[in-house]
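*Asks:* Pasting a structure here, questions to come.
The values are calculated or read from the model by the stated rules, or taken from the named source; none is laboratory data. Everything numeric in this text was worked out from a predicted model, so none of it was measured. Reconstructed Cβ throughout: ideal geometry from the backbone, glycine too, with neighbour counts over all protein chains shown.
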Amino acid sequence: MFAAASAAILVTMALALFRAIRGPTIYDRILAVNAFGTLTVVLIAVHGFLAGRPEFLDIALVYALINFIATIAVTKYVKFSHLGHPLGEDERGDV
Amino acid sequence: MALLADIASWACLIAGSLFAFIGAVGIIRLPDVFTRMHGAGIVDTLGMGLILAGLMIHEGFTMVTVKLVLIVVFIFFASPTTTHALARAALNGGVTPVVDGKDAPSAKSSERTDGPSKT
């Protein structure tokens, strides 16, 4: 049963990767990579149960944190072209 | 009782896989980036939540379930935040939403405008 869930997650990851390669705008690619990262977290968790080693959940938790930070960082980089503090002309300063 | 837990776990896993697949088909087929966020939302909430709920039911009350709950809670907070930031970035970056069945707008990701065009 875990193997079937893993196969379904892999097919879903392939579809998300197709959109990430194909996507017309950069935002489509960021969105698809974010969904791909979430599916990777789920795949790591399911694989831990499949292999009988639930210690993989620690890796899944860290991967979820990195995925969130990476998506926010890439979104900010695309909008402002750098990751530093605001330049001063924009009061709000970030996304 | 163990059989009941197994059946519930399998049902959650299958339903979660199905919802994740439906969300990915939405990411492929929907017309522009704002509607594709809807498909990504299905993957991030129903797909991820049901699969991890199935794993929780399989495991019972142990430390593993605590870690699964932590993952679910974090993604439930992180996914709307990411989608909100991405939607604002796309709107400020010149992507106009497709309304009323018109064709998808041409990709102008590098051009910054003042906001969405009011048509």
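*Asks:* Can you tell which of A:Ala20, A:Ala16 is more than 7 Å from every other protein chain (Cβ to nearest Cβ) and within 25 Å of B:Val33 (Cα to Cα)?
*Replies:* A:Ala20
*Asks:* Could you tell me which of the residues B:Ile28, B:Ile22, B:Ile42 is within 7 Å of chain A (Cβ to nearest Cβ) and either over 19 Å from A:Ala60 (Cβ atoms) or surrounded by fewer than 23 Cβ atoms within 10 Å (Cβ to Cβ) (or both)?
*Replies:* The unique qualifying residue is B:Ile28.
*Asks:* Same structure, new question: Would you mind telling me which numbered condition in (1) in a helix (DSSP H, G or I); (2) surrounded by fewer than 22 Cβ atoms within 10 Å (Cβ to Cβ) A:Gly52 fails?
*Replies:* Every listed condition holds for A:Gly52 apart from (1).
*Asks:* Output the qualifying pairs, or none if there are none: Cβ atoms under 6 angstrom, residues six or more apart or on different chains, first residue in segment A:42-62 and closer than 10 Å to B:Leu55 by Cβ and in contact (Cβ under 8 Å) with a residue 12 or more places away in the chain, second residue basic (Lys, Arg) and part of a helix (DSSP H, G or I).
*Replies:* Partner pairs satisfying both residue conditions: A:Leu57/B:Lys67.
*Asks:* Moving to a separate point now. Just one of B:Ala89, B:Ala24 is assigned to a helix (DSSP H, G or I) and modelled with pLDDT under 90; which is it?
*Replies:* The unique qualifying residue is B:Ala89.
*Asks:* For residues in segment A:14-36 being surrounded by fewer than 21 Cβ atoms within 10 Å (Cβ to Cβ) and touching a Ser or Thr at 6+ places or on another chain (Cβ under 9 Å), which is modelled with the highest pLDDT?
*Replies:* A:Val33
*Asks:* Of the conditions (1) closer than 30 Å to A:Thr25 by Cβ; (2) at the interface with another protein chain (Cβ under 8 Å from one of its Cβ atoms); (3) touching a Gly at 6+ places or on another chain (Cβ under 8 Å), B:Gly49 fails just one. Which one is it?
*Replies:* Condition not satisfied by B:Gly49: (2).
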